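Nothing in this text is a laboratory measurement; each read-out follows from the coordinates by a stated rule. Bear in mind the structure is a predicted one, so any value in this text is a computation, not a measurement. Backbone-built Cβ (ideal geometry, glycine too); neighbour counts: all protein chains shown.
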Amino acid sequence: MHESVDDWSGDYDIFDPKYIENPYPIWQELRVSCPVPHTQRWGGSHMTTTNEDTRKIAKMVDVFSSINPLVVSSDVPVTFDTDTYGVGAPPISTDPPQHGPARRLILPALSPQAVIGYRPFTEQICRSLVTEMGDASYADAAEQYAQQIPPRVIAHILGVDLDDADQFIAWVRDVLEQGKGDVSKRLDAGLAIRMYFAEQVKLKRQSLGSDMVSQILSGDLDGTPVTDPHAIATCVLLLIAGIDTTWSSIGSAIWHLATYPDDQARLRQNRDLLPVAIEEFLRAYSPVTMARLVLKPIRYNGVDFVPGDKLLLNFPAANRDPLAFEDPESVQIDRRDNRHIAFGIGIHRCAGSNLARMEMETSLRILLEMMPPFTLDPRRSVTWGGGQVRGPRNLPLRFSD
Ligand code: HEM
């Protein structure tokens, strides 16, 4: 039974339905009254709420470690054989000096040039999903569209069977969302992903291709050949980092367009504005909050951190800080001065940002091109999923005739 929150500064809960539904007023109040609040929930943590703190702490990598980026899993022992299935999810779960080589290994397959090559496939997926959705009497743009795109795109990039995409969605949701209170569900899903990639790595080793798994296997970590466990752990990250995040961002953008018809009409008339609008959607509806583990004692902004403490780096709250953005609560699709940190900042800044932007641009452009104007369907409810990745999970749309 969920215990609701009365005191956000001393007992916050990122899984509280109120926080998931509408966190913005909570952050507004905390920034003024208690900018680095604490909670005992989920094993205890602090959380940033200002832009300055989030930026600064993200760069203090020798004090705030990335060893366990999911706050709910930090107290759970590792139950699988790391010699077989790898450790963590590099590079996101590593600190220097391991971080640099693990990150460099995956950058070529996610470069702007590589991403251009994934665009035709993404367009094809989006067109066929819109066609299917267009025929139905009722459309849920989260389940039938936004959710379907990233798992297929990542399956295509990794060079695995596209039919496995539905399984990816279920696993990732168990790890990031559904399994938040259910440790065994989360562990089972985590192990299933590792076993899946162990099999894929075995197959690819026998005959390397041009896909990303093969590129990882034939790459090196500063001169040292990549082992199977490292490749498996890296693939785990690509799946977890690439699916819920992008699904959430596409969904939030569609939610905005359905809720604010003037903005939708403006983008229909001026498609060139789409990339600028996407940056604003990323700022205003940033999906990702990441966790850090304190390694050394430090006093920061009135808080005495001790080794073992946990901290949430709240990129979404940082992007709504009035000291960093003019009128941050208003979503302006032509906002030009927009140095948001939805993709993080510092050494762990999102390695998939080129890909994420391409998926957002392609999916929104094709939806606007192929479908008539849409609004939210008042007969059904919008639902939001949250925690460390926030976005609409049901998004009922009504299309005009
Ligand atoms: C709109 C969608 C996305 C958002 C908002 C997002 C956000 C983020 C954030 C905030 C971080 C920083 C984590 C930290 O500081 O601990 C990150 C890291 C990362 N993301 Fe994304 N991400 C998105 C999509 C993707 C995609 C599509 C991929 C590729 C499959 C991806 C791969 C990664 C990787 C590999 C890292 C770790 C980088 C490192 O540790 O050096 N992300 N992402």
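Quick notes on this one:
- Rounded to the nearest 20 debye, the dipole size of the chain about its Cα centre is 720 debye, using +1 on the Cβ of Lys and Arg and -1 on the Cβ of Asp and Glu.
- Rg/Rg_ref, the range 1-90, where Rg_ref = 2.2 N^0.38 Å and atoms are Cα: 1.29
- Whole-angstrom gap from the range 107-175 to the range 23-42, using each part's C-alpha centre: 35 Å
- Selected from V175, M195, T234, residue furthest toward positive end of dipole (the range 8-399; charges at beta carbon): T234
- For the chain, calculated [θ]222 nm from helices alone, where every DSSP H run of n ≥ 4 adds -39500 (n - 2.57): -14500 deg cm²/dmol
- Net charge of Cβ neighbours under 14 Å - reference E326; Lys, Arg +1; Asp, Glu -1: -1
- Inter-probe distance in nm under a simple model that places probes 7 Å from Cα toward Cβ, at S33 and S400: 4.2 nm
- Counting beta carbons within 10 Å around each of E326, E52, E177, E359 and listing the fewest first gives the order E326, E52, E177, E359.
- T375 versus D304: modelled label distance in nm, points set 7 Å from Cα along the beta carbon direction: 5.7 nm
- Potential extension, D62-H2 segment - 0.36 nm per residue separation minus Cα distance: 18.0 nm
- Look at S218, S4 and count the other Cβ atoms within 10 Å of each Cβ; fewest to most, that gives S4, S218.
- Ranked Y300, Y138, criterion: other C-beta atoms within 10 Å, fewest first: Y138, Y300
- In terms of packing, defined here as the mean over residues of other Cβ atoms within 10 angstrom, the peptides 276-287, 82-93 line up highest first as 276-287, 82-93.
- The Kirkwood radius of the chain, taken over pairs of alpha-carbon atoms, gives through the Stokes-Einstein law at 10 °C and 1.306 mPa s a diffusion coefficient of 73 µm² s⁻¹.
- Between T84 and D163, the C-beta separation translates, for a Förster distance of 35 Å, into a calculated FRET efficiency of about 0.85.
- The listed peptides 338-345, 43-50, 244-251, 127-134, ordered by packing as a protection proxy, come out as 244-251, 43-50, 338-345, 127-134 (highest mean of other Cβ atoms within 10 Å first).
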